[in-house]
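The values are calculated or read from the model by the stated rules, or taken from the named source; none is laboratory data. Quick caveat: nothing in here was measured; it's all calculated off a predicted structure. Using ideal geometry, Cβ is built from the backbone for each residue, glycine included, and neighbour counts are taken over all protein chains shown. For accessibility, only protein heavy atoms count, side chains too; no ligands or nucleic acids. Shrake-Rupley method; radii C 1.70, N 1.55, O 1.52, S 1.80 Å.
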Amino acid sequence: MTESFRRSGEYPQGDHHGSAYPEQQSHPSSPVNPEWPPPPAYDPAAPVHVEPGTTVWPGSGTGGSGGHGGHGHDPYAGHPGPDPAGTTAVFATVGSGPAEPPAHANATAKRRAKGPFALLAAVAIVAAAIGGGTAYAFQELTGNDTVATSSTTSANVVPTSQRGTVSGVAKAVSPSIVEISATSSAGSSTGSGVIITTGGEIVTNNHVVSGASEIKVQLNDGTSYAAKVVGTDSKKDLALIKLDNAPSGLKPATLGNSDGVQVGDQVVAIGSPEGLTGTVTSGIVSALDRDVTVSTDESQGRQQQQEGGNGQWPFEFGGRQFNGDTGSSTTTYKALQTDASLNPGNSGGALIDMNGNIVGINSAMYSAASDSSSSSSSAGSVGLGFAIPINTVKSDLTTLRAGGSDS
């Protein structure tokens with residue numbers, strides 16, 4: 001670009017206009033590179049400083065000897081002079097700072113800058129789609145029913161300074177966890193849920209809301225909203241509900257990748273055991289792919305919750321029944337096992353990795369209080385909790401949004 005500008009303006013060439021420097025003699029015998037412009041036969045006129053900080057080229061736009069500072073020779077006679085705007089841009093700051101590029105060169109630079117800038121913007125959006133905290137920003141751009149997900153378990157939802165700490169995970173994810181109160185003809189139950197979109201979609205367990213005639217959701221800030229069931233899948237013990245007139249500013253959780261979870265990974269559980277909203281516990285992943293069997297019979301589950309099950313959903317593992325009789329209608333799914341403390345009311349809440357990604361939906365827990373030989377004082381978590389892998393949830397969202405497999 002620089003060479004092109006010099007040849008077309010500063011040192012004109014060609015046979016159609018004659019020599020730009022009439023005093024210069026040609027030497028045919030001397031080898032000359034046609035790409036090199038011939039030098040002038042005289043010293044180029046120096047710029048004339050009119051006032052401090054302003055310099056103009058002699059002869060630009062004036063003609064005659066007056067523009068040459070009295071030298072009486074115009075090297076641009078009969079040819080286009082330098083662009084006044086360009087030369088002013090080049091020399092206007094002489095004596096007061098570094099020179100700026102010519103106006104047209106600057107315009108080219110601006111045009112070129114658009115390319116890298118657009119690329120950076122695209123990269124930022126892609127990063128928003130992948131990264132935890134910025135995934136929320138991407139979600140805001142693409143719609144309030146877009147679920148923030150991560151293809152790995154390393155999306156960083158927790159700030160760098162608090163990453164890997166239970167307090168950091170709790171602070172980052174607690175605003176995405178809710179308490180659910182469901183009322184039906186069989187009674188009432190309390191569970192938990194996870195906000196997955198800014199539009200108010202919430203994932204929970206099917207056994208928390210199945211058959212409910214009224215659902216109330218309490219957010220982390222204490223405000224309550226009515227909600228309706230969108231879809232249920234009793235075979236996977238999953239349900240999707242949505243807030244009525246969802247408020248602005250909801251913070252959806254980032255759904256991670258449960259396939260990347262390993263035994264021994266640290267995890268955090270957040271839910272509302274016994275109505276204690278926002279309770280945080282921690283532990284590790286104790287085992288993978290546990291076959292957990294739960295009841296799909298709504299009346300069976302409600303009866304167990306109200307009578308013999310201390311508010312817990314009955315389930316089976318290894319041929320044994322826990323927290324009550326599951327009945328004859330059951331379903332089995334693969335679960336993550338954790339020793340993070342889970343108690344009645346944690347169902348539907350989140351199991352979270354140390355980067356703040358949801359890796360499971362807590363669904364079942366064993367309590368010694370369900371045994372006839374156990375006293376009520378021994379009720380509570382004994383370190384045997386189970387969660388539905390989040391990849392199972394993600395693969396079921398389309399079905400749930402369409403009404404679920406039970407519709």
Taking the range 283-301 as the search range and keeping residues that are open to solvent by 10 Å² or more (accessible area, probe 1.4 Å), modelled with pLDDT under 95 and among the polar types (S, T, N, Q), which one is farthest from PRO314 (Cα to Cα)? SER299
Go through ASP237, ASP289, ASP259 for me and flag whichever is more than 28 Å from LYS171 (Cβ to Cβ) and either in contact with a helix residue (DSSP H, G or I) (Cβ under 9 Å, 6 or more places away or on another chain) or of a type in the set (Ser, Thr, Tyr) (or both). ASP237
Selection from the range 312-335 of residues that are open to solvent by 60 Å² or more (accessible area, probe 1.4 Å), in contact with a helix residue (DSSP H, G or I) (Cβ under 9 Å, 6 or more places away or on another chain) and under 27 Å from SER395 (Cβ atoms): LYS334
Residue, surrounded by the most Cβ atoms within 10 Å (Cβ to Cβ), within the range 188-203, restricted to residues that are among the β-branched types (Val, Ile, Thr) and out of contact with any Ser or Thr (no Cβ under 7 Å at 6 or more places or on another chain): ILE202
Could you tell me how many of the residues in the range 228-260 are crowded, with 23+ Cβ neighbours inside 10 Å and among the β-branched types (Val, Ile, Thr)? 3
Of the residues SER150, SER176, which is open to solvent by less than 10 Å² (accessible area, probe 1.4 Å) and at pLDDT below 85? SER150
Keeping to the range 373-407, report how many residues are more than 25 Å from GLY211 (Cβ to Cβ), at pLDDT 90 or above and in a loop (DSSP other than H, G, I, E, B). 0
Under 9 Å by Cβ, and 6 or more places apart or on different chains, what pairs join a residue from the range 190-205 that is farther than 19 Å from ALA364 by Cα with one that is basic (Lys, Arg) and part of a loop (DSSP other than H, G, I, E, B)? ILE195/LYS251; THR198/LYS251
